[in-house]
1. So in segment 15-46, with the set limited to residues that are part of a strand (DSSP E or B) and polar (S, T, N, Q), which one is farthest from Ala61 (Cα to Cα)?
2. Mind checking whether some residue in segment 215-227 is over 17 Å from the mean Cα position of the chain (by Cα), without any contact (Cβ under 8 Å) to a residue 60 or more places away in the chain and closer than 12 Å to Asp170 by Cα?
3. Quickly run through segment 190-215 and pick out the residues that are surrounded by 18 or more Cβ atoms within 10 Å (Cβ to Cβ) and part of a loop (DSSP other than H, G, I, E, B).
4. Among the candidates Asp191, Asp228, Asp212, single out the residue that is farther than 18 Å from Ala145 by Cα, in contact with an Asp or Glu (Cβ under 7 Å, 6 or more places away or on another chain) and among the acidic types (Asp, Glu).
5. Take Arg182 and decide whether it is surrounded by fewer than 16 Cβ atoms within 10 Å (Cβ to Cβ) and either closer than 24 Å to Leu124 by Cβ or touching a residue at least 60 places away in the same chain (Cβ under 8 Å) (or both).
6. Could you give every pair whose Cβ atoms fall below 9 Å, whose first residue belongs to segment 74-98 and is closer than 28 Å to Gly58 by Cβ and in a helix (DSSP H, G or I), and whose second residue is at pLDDT 95 or above and among the acidic types (Asp, Glu), counting only separations of at least 6 or pairs across chains?
7. (1) buried (at least 24 other Cβ atoms within 10 Å of the Cβ); (2) touching a Ser or Thr at 6+ places or on another chain (Cβ under 8 Å); (3) not in a loop (DSSP other than H, G, I, E, B): which one isn't true of Gly237, the others all being true?
8. Can you tell me which residue is surrounded by the most Cβ atoms within 10 Å (Cβ to Cβ) among those in segment 101-117 that are within 14 Å of the chain's Cα centre (by Cα) and assigned to a loop (DSSP other than H, G, I, E, B)?
Amino acid sequence: MKIDLNCDMGESFGAYTLGMDAEIISSISSANIACGFHAGDPSVMNRTVKLAADHGVGIGAHPGFPDLMGFGRRNMDCSTDEIRDYLIYQIGALQAFCTAHGVRLRHVKPHGALYNMAVVNESLVRAIAQAISRIDKNLFMVALAGKHAGRMASIAQEEGIRMIFEAFPDRAYTPEGTLVSRRQPGAVIHDPDEAAERALRMATEGVVIAIDGTRVPMSVDTLCVHGDNPSAVALAGTIRNRLDASGVVIAPMSAHE
């Protein structure tokens, strides 16, 4: 059994440092790199692409709403044309840094509110898929695993790209298979052992335990550890060790082609 382990990275900005990219890079197989709209800047993007390239980690763009102050976690009322333009702009910027370092951009994972809004918004999924398709049909689109996965995969297929489905060992889930709002207590899991057990269940059983104890089935291709979680380094290392010990091979998304 193979599964990807990814992390949101490159989210520092100017004089402000966020995340522990250098410490976590050795535990993951794919990096989702911020593209300057919700976090990151050209220098941070350049450094993070080089860091991932030096460690043989698969590189993905992590585009979001133009919302630095809200870290891209606030819903924005944007047209589908605007969404496509935002994504093409951000993906293209990160793709240029990949070219500069002689590596290939492999996937696109929308960030924050854009990611969550797409789960229940078909026109938004299509706009994202169209932006990706127009840049490179070989790029994977990363989306939330769960009951909406089939619908989203069909839209991606219609636009000529493949979707990769993701689960979050360090986030709590609702019984409907969506992420619990960060405004609610317990939405973020900080205990590495708990997160590792959840990751193993997601990878081997295709199940997540919701906040009310419900077993929610989902087919998962990649697991995410949030880089801005204070426990990110311990979480990623413990998850990787637990999966390795259970015979689950950690491999970048390209290995699933």
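1. Quick first cut of segment 15-46, residues part of a strand (DSSP E or B) only: 16, 30-34.
Subset that is polar (S, T, N, Q): 30, 32.
Working: Ser30: 11, Asn32: 5 Å.
Looking at residues that are part of a strand (DSSP E or B) and polar (S, T, N, Q), I get Ser30.
2. Within segment 215-227, the subset over 17 Å from the mean Cα position of the chain (by Cα) is 215-217.
Now drop any that are not without any contact (Cβ under 8 Å) to a residue 60 or more places away in the chain, which leaves 215, 217.
Filter once more, keeping what is closer than 12 Å to Asp170 by Cα: none.
Within segment 215-227 (the criterion being over 17 Å from the mean Cα position of the chain (by Cα), without any contact (Cβ under 8 Å) to a residue 60 or more places away in the chain and closer than 12 Å to Asp170 by Cα), the answer is no, since none of the residues qualifies.
3. First pass over segment 190-215, keeping only residues surrounded by 18 or more Cβ atoms within 10 Å (Cβ to Cβ): 192, 195-196, 198-200, 202-203, 208.
Of everything in segment 190-215, nothing turns out to be surrounded by 18 or more Cβ atoms within 10 Å (Cβ to Cβ) and part of a loop (DSSP other than H, G, I, E, B).
4. Numbers: Asp191 fails: in contact with an Asp or Glu (Cβ under 7 Å, 6 or more places away or on another chain); Asp212 fails: in contact with an Asp or Glu (Cβ under 7 Å, 6 or more places away or on another chain).
Matching residue, one of Asp191, Asp228, Asp212: Asp228.
5. Details: surrounded by fewer than 16 Cβ atoms within 10 Å (Cβ to Cβ): yes; either closer than 24 Å to Leu124 by Cβ or touching a residue at least 60 places away in the same chain (Cβ under 8 Å) (or both): yes.
Yes, satisfied.
6. Correct list of pairs: Ile91/Asp136; Gln95/Asp136.
7. Of (1) buried (at least 24 other Cβ atoms within 10 Å of the Cβ); (2) touching a Ser or Thr at 6+ places or on another chain (Cβ under 8 Å); (3) not in a loop (DSSP other than H, G, I, E, B), only one is false for Gly237: (1).
8. Per the stated criteria, the residue is Pro110.
The values are calculated or read from the model by the stated rules, or taken from the named source; none is laboratory data. These numbers come from a predicted model, not from an experiment. We place every Cβ from the backbone using ideal geometry, glycine too, and count neighbours over all the protein chains shown.
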